[in-house]
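For reference, the structure is listed below as structure tokens.
The values are calculated or read from the model by the stated rules, or taken from the named source; none is laboratory data. Only a predicted model underlies this, so the values are computations on that prediction, with no experimental measurement involved. Every residue, glycine among them, receives a Cβ derived from its backbone with ideal geometry; neighbour counts consider all protein chains shown. SASA here: full protein model, heavy atoms, side chains in, ligands and nucleic acids out. Shrake-Rupley method; radii C 1.70, N 1.55, O 1.52, S 1.80 Å.
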Amino acid sequence: MLNQTRPDGLKPDISAPEYQNARIEKFETTKWTVEATITEIIKRADGDFYCVIEGATGARTVFEAPDPELCAGSHFLKEIKRVRKLLDDKFHPTGEPIKVNIKAQITGLGFFGFQGRSASAPKTNGARLMPVLDLKIKA
């Protein structure tokens, strides 16, 4: 995912109008599955659960589990609700970052999000998984 080329016209704050109502082929229309360690989770002001993940090589990115209340009509609403419940039951995310160290298998759609949105955000091409459609916590 981190090797994907971010479109030239997609600004770091993702405000370019031509990207507001369309997925970027092929990256954002592909279901990705990654094995990673969840290192941090926070509930953002927009209601999304924002989770920093790290792969075996040390490369970092994030996944987001959106607020189901804002996903009415989504083909993936059932999956979004299930992942949110799992994260909520396990971590009880709040507006304060929670440090965790849990291995997981994460499946979701690719998404080019903000770059450098916060100090804790990994510095990447903005590639992430959003929404997450399946999450398997490893024991």
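For segment 22-59, how many residues meet the condition of being farther than 19 Å from L87 by Cβ and either open to solvent by less than 80 Å² (accessible area, probe 1.4 Å) or hydrophobic (A, V, I, L, M, F, W, C) (or both)? Count: 10. Applying the condition of being among the charged types (D, E, K, R) and touching a strand residue (DSSP E or B) at 6+ places or on another chain (Cβ under 6 Å) to segment 60-76 and asking which residue is most open to solvent (accessible area, probe 1.4 Å) yields R60. Determine whether L87 is open to solvent by less than 30 Å² (accessible area, probe 1.4 Å) and out of contact with any helix residue (DSSP H, G or I) (no Cβ under 6 Å at 6 or more places or on another chain). So L87 passes the test. Of K43, K81, K85, all but one fail to be in contact with a strand residue (DSSP E or B) (Cβ under 8 Å, 6 or more places away or on another chain), basic (K, R) and over 22 Å from M1 (Cβ atoms); the exception is K43.
Evaluation of E96 against the conditions (1) part of a loop (DSSP other than H, G, I, E, B); (2) surrounded by 14 or more Cβ atoms within 10 Å (Cβ to Cβ) shows that the sole unmet condition is (2). Under the condition of being among the charged types (D, E, K, R) and touching a residue at least 24 places away in the same chain (Cβ under 8 Å), the residues counted in segment 49-81 number 3. Against the definition (open to solvent by less than 40 Å² (accessible area, probe 1.4 Å), at pLDDT 95 or above and of a type in the set (S, T, Y)), how does T107 come out, yes or no? Taking the combined requirement at face value, the residue satisfies it. Only residues that are among the aliphatic types (A, V, I, L, M) and touching a Pro at 6+ places or on another chain (Cβ under 9 Å) were counted across segment 72-115, and they come to 5.
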